Amino acid sequence: MTVTLDLTRKTLTDAALPNLAGLTRPALAQALIESGAVRPDKAKMRATQLWRWIHHYGVTRFDDMTDVAKETRAELALAFRLDRPEIVERQVSKDGTRKWLIRMAPGIEVETVYIPDVGRAGALCVSSQVGCTLNCTFCHTGTQALVRNLTAAEIVAQVQVARDDLGEWPSPKADRLLTNIVFMGMGEPLYNLDSVADAIDIISDGEGIAISRRRITVSTSGVLPELEPLGRRTQAGLAISLHATHDDLRNVLVPINKKYPIAELMAAIRAYPGLSNAKRVTFEYVMLKGVNDSPAEALALVRLLKGIPSKINLIPFNPWPGTDYVCSDWKTIEAFAAILNRAGYASPIRTPRGRDILAACGQLKSESEKLRASARRKLAQAEVGDEAESAPSDD
Ligand code: SAH
Ligand code: SF4
């Protein structure tokens, strides 16, 4: 990153200043040097000091860094920002799930979901892209065009926003509410691996947010060439959106399968760095009525995963407007799960969480966009003719 700043005057508006809260440690030291606010021989020490304030204490103002000299704080404030992105909407489900709609920049909005009682204590489901280029036919995000990749800073900001809301600063050593991170929000993380890997470096740093790499899981539709780099660079847990046991069906459900068919995908998964019984791959399998939910397919799944240290997550399909798919009947899901249980896979059904606030798998973003658009229309109507109450409503 190259930052050229004239510190004698504030030459950039605040919004254009680089934000230190999303930089990796080396990038942070480099930015300090390039800004001229810190002498090169002091940069490493200063970066360590700032790192603790930003990622352990969660401060968002340089003035709160009480062991940094006042003049240095002032210089830093002229050269950099530390603030959070804007929270457009915050919702809490009756099951305790929390969802934030976060505006990273104009037109760049993502949703992040905190799910209590998942993982060790609670998991944060983060987004890696706005929209998705892949078109899995059962996924609502897949119907939206890709707007852009998120930066590492924007991924880390989702964790910081959740930590703010959960009141988890300074970074607690024990009894945390947020213990796990899953890259299962919007987008395909392996099409944005550089930023995902940088974000994981920041999130897992022991002197900061300190969520261990063992508790971070990246879910992918199967971008095969990026699996090994993902494991090598992040040591994160791997989740694979499998959803079908034979190519004919997977080609339809997860079209990237035409490029990377099941047999090749399985070979790449077996080679995933660090795989062991203590570090298993999670296979996600969405339950679609009459499509992939037969007992024969459950048996085929068991055969396919043979020899791979794995867990299975059956995800009841979350419907969305316009989809032709229907969620499998509960009895069918249980029968499917029973076959997996007999093969040694414990509790594989993922209970849908936060459905009442549209926070469940595959419901992210587009739905709330629709609701907000409708709310906006109402507001506009109210402003022009105060006729909002009689206006047709689609929410
Ligand atoms: N793009 C990545 C991660 C985001 S999707 C991936 O595909 O793995 C996270 C999970 O939600 C994936 O397993 C995805 O297949 C699943 N999913 C998508 N739409 C869904 C829906 N409508 N109902 C249930 N699960 C869904
Ligand atoms: Fe993209 Fe994942 Fe949805 Fe497929 S399931 S369209 S890869 S977000």
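The values are calculated or read from the model by the stated rules, or taken from the named source; none is laboratory data. Source: prediction; values computed, not measured. When we count neighbours, we look across all protein chains shown, and the Cβ atoms used for this are built from the backbone with ideal geometry, even at glycine. Quick note on the areas: whole protein, heavy atoms, side chains included, nothing else; ligands and nucleic acids left out. Shrake-Rupley method; radii C 1.70, N 1.55, O 1.52, S 1.80 Å.
Side notes on the structure shown:
- Check on Val302, assigned by TED's automatic domain parsing to the domain that holds Thr137 and either under 19 Å from Ser128 (Cβ atoms) or modelled with pLDDT under 95 (or both): no
- When Arg176, Arg163 are checked against the criterion of being in a loop (DSSP other than H, G, I, E, B), within 17 Å of Gly58 (Cα to Cα) and either within 16 Å of ligand 1 (Cβ to nearest atom) or open to solvent by less than 50 Å² (accessible area, probe 1.4 Å) (or both), a single residue qualifies: Arg176.
- Restricting the range 109-139 to residues that are among the β-branched types (Val, Ile, Thr) and under 19 Å from Ser347 (Cβ atoms) leaves a set whose member that is modelled with the lowest pLDDT is Val118.
- Looking only at the range 126-167, residues that are among the β-branched types (Val, Ile, Thr), free of Cβ contacts under 8 Å to residues at least 60 places away in the same chain and either away from ligand 2 (no atom under 16 Å from the Cβ) or not assigned by TED's automatic domain parsing to the domain that holds Gly322 (or both) come to 1 in all.
- Filter result (part of a loop (DSSP other than H, G, I, E, B) and surrounded by 14 or more Cβ atoms within 10 Å (Cβ to Cβ)) within the range 343-353: Ala343, Tyr345, Pro348, Arg350, Pro352, Arg353
- Cβ-Cβ contacts under 9 Å between residues 6 or more apart (or on different chains), taken from a first residue in the range 39-51 that is in contact (Cβ under 8 Å) with a residue 12 or more places away in the chain to a second residue that is among the hydroxyl-bearing types (Ser, Thr, Tyr) and surrounded by 12 or more Cβ atoms within 10 Å (Cβ to Cβ), are listed as Arg46/Thr72.
- Flag if Asn318 is within 16 Å of ligand 2 (Cβ to nearest atom), surrounded by 15 or more Cβ atoms within 10 Å (Cβ to Cβ), assigned to a loop (DSSP other than H, G, I, E, B) and in the same structural domain as Arg270 (by TED's automatic domain parsing): yes
- Top-ranked residue of the range 321-337 - restricted to ones that are within 14 Å of ligand 1 (Cβ to nearest atom) and in contact with a Lys or Arg (Cβ under 9 Å, 6 or more places away or on another chain), ranked as least open to solvent (accessible area, probe 1.4 Å): Ser328
- Scanning the range 235-251 for residues that are crowded, with 16+ Cβ neighbours inside 10 Å and either more than 8 Å from ligand 1 (Cβ to nearest atom) or outside the structural domain of Val182 (by TED's automatic domain parsing) (or both) yields Gln235, Ala236, Gly237, Leu238, Leu242, Ala244, Thr245, Leu249, Arg250, Asn251.
Every residue, every condition in (1) closer than 26 Å to Ser294 by Cβ; (2) more than 13 Å from ligand 2 (Cβ to nearest atom); (3) in a loop (DSSP other than H, G, I, E, B); (4) within 24 Å of the chain's Cα centre (by Cα), yes or no:
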| residue | (1), (2), (3), (4) |
| --- | --- |
| His243 | yes, no, yes, yes |
| Leu249 | yes, yes, no, no |
| Ile256 | yes, no, no, yes |
| Glu264 | yes, yes, no, no |
| Ile269 | yes, yes, no, yes |
| Pro273 | no, yes, yes, yes |
| Ser276 | no, yes, yes, no |
| Lys279 | no, yes, yes, yes |
| Thr282 | yes, yes, no, yes |
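- Qualifying residue in the range 202-216 (condition: in a helix (DSSP H, G or I), open to solvent by less than 10 Å² (accessible area, probe 1.4 Å) and over 17 Å from Val118 (Cα atoms)): yes
- Pair list, Cβ < 8 Å and 6+ apart or interchain, from the range 173-196 residues that are more than 9 Å from ligand 2 (Cβ to nearest atom) to residues that are among the polar types (S, T, N, Q) and in a helix (DSSP H, G or I): Val196/Thr234
- Every residue from the range 60-91 that is in the same structural domain as Leu20 (by TED's automatic domain parsing), polar (S, T, N, Q) and not in a loop (DSSP other than H, G, I, E, B): Thr72
- Just one residue in the set Ala278, Ala210, Ala267, Ala197 is farther than 29 Å from Gly122 by Cα and more than 15 Å from ligand 1 (Cβ to nearest atom); that residue is Ala267.
- Subset of the range 189-201 (residues that are in contact with a Ser or Thr (Cβ under 6 Å, 6 or more places away or on another chain) and not polar (S, T, N, Q)): Pro189, Leu190, Val196, Ala197, Asp198, Ile200, Asp201
- Comparison of Leu288, Leu340 shows that the only residue that is touching a residue at least 12 places away in the same chain (Cβ under 8 Å), within 16 Å of ligand 1 (Cβ to nearest atom), buried (at least 19 other Cβ atoms within 10 Å of the Cβ) and in the same structural domain as Leu227 (by TED's automatic domain parsing) is Leu288.
- Checked across the range 48-61, the condition of being open to solvent by 60 Å² or more (accessible area, probe 1.4 Å) and modelled with pLDDT under 90 holds for no residue.
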